[in-house]
Amino acid sequence: MRILVVEDDVNLNRQLADALKESGYVVDQAYDGEEGHYLGDTEPYDAVILDIGLPVMDGITVVEKWRSAGKAMPVLILTARDRWSDKVAGIDAGADDYVTKPFHVEEVMARIRALIRRAAGHASSEIVCGPVRLDTKSSKATVNGVALKLTSHEFRLLSYLMHHMGQVVSRTELVEHMYDQDFDRDSNTIEVFVGRLRKKLGVDLIETVRGLGYRMQEQ
């Protein structure tokens, strides 16, 4: 899962990015509205954390531009405590949720998990595919109740496939959502990670759809 953080406060931006990375997300960072808008307009994200009071281009304008361009990724806006009007303006502009400053990072993490789940059509924090269970809250996975020992890339792959169960996901899409913008992306590595993940799962749940990509579903 790939997240964009747009926040001009360098320390807060880093704090959010670090927490997201520790939970297994791939994170891109921007420090003004123009840069954030460009990244959101040109890169595929599973969710965005967006401050309202940004330099160069404010957060409300950024959301409006994304929605006008048909960008549908979930957006969580960060607002000042005494600016209730910002919350209303942000939601009306197309944001999906908001958090008021100051906040606990854990609240932001919980809201991001919920936004991503809902966007993929999952209501619960636990996603199940046959004997495989993915706990989005703890970022852990089990097979028949036994914990899986996964690398960060293997976990991202499993998480993305399970969030999009039943759908064919191309290699390109997987690469775009598993690596940040500065990573040397190579779609051939996906085959390696899929092979490793299949062995660790021990059950035949990941189907190769020839010429299209991969699909995870109960057999």
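The values are calculated or read from the model by the stated rules, or taken from the named source; none is laboratory data. Note that the coordinates shown come from a computational prediction; the quantities given were computed from them, not determined experimentally. In this analysis, Cβ positions are derived from the backbone assuming ideal geometry, glycine residues included, and neighbour counts consider all displayed protein chains. Remember, those area values only see protein heavy atoms, side chains included, never the ligands or the DNA or RNA. Shrake-Rupley method; radii C 1.70, N 1.55, O 1.52, S 1.80 Å.
Here are some notes:
- Residue pairs meeting the criteria (Cβ under 7 Å; at least 6 apart or on separate chains; first touching a residue at least 60 places away in the same chain (Cβ under 8 Å) and hydrophobic (A, V, I, L, M, F, W, C), in the range 207-219; second surrounded by 14 or more Cβ atoms within 10 Å (Cβ to Cβ) and not in a strand (DSSP E or B)): M216/L161; M216/M162; M216/M165; M216/L205
- Residue tally, condition open to solvent by 10 Å² or more (accessible area, probe 1.4 Å) and within 16 Å of L76 (Cα to Cα), over the range 3-14: 2
- Residue match in the range 84-105 (condition: of a type outside the set (F, W, Y), farther than 18 Å from G24 by Cα, within 20 Å of the chain's Cα centre (by Cα) and not assigned by the TED database to the domain that holds G40): no
- The number of residues in the range 1-17 being assigned to a helix (DSSP H, G or I) and in contact with a Phe, Trp or Tyr (Cβ under 8 Å, 6 or more places away or on another chain) comes to 2.
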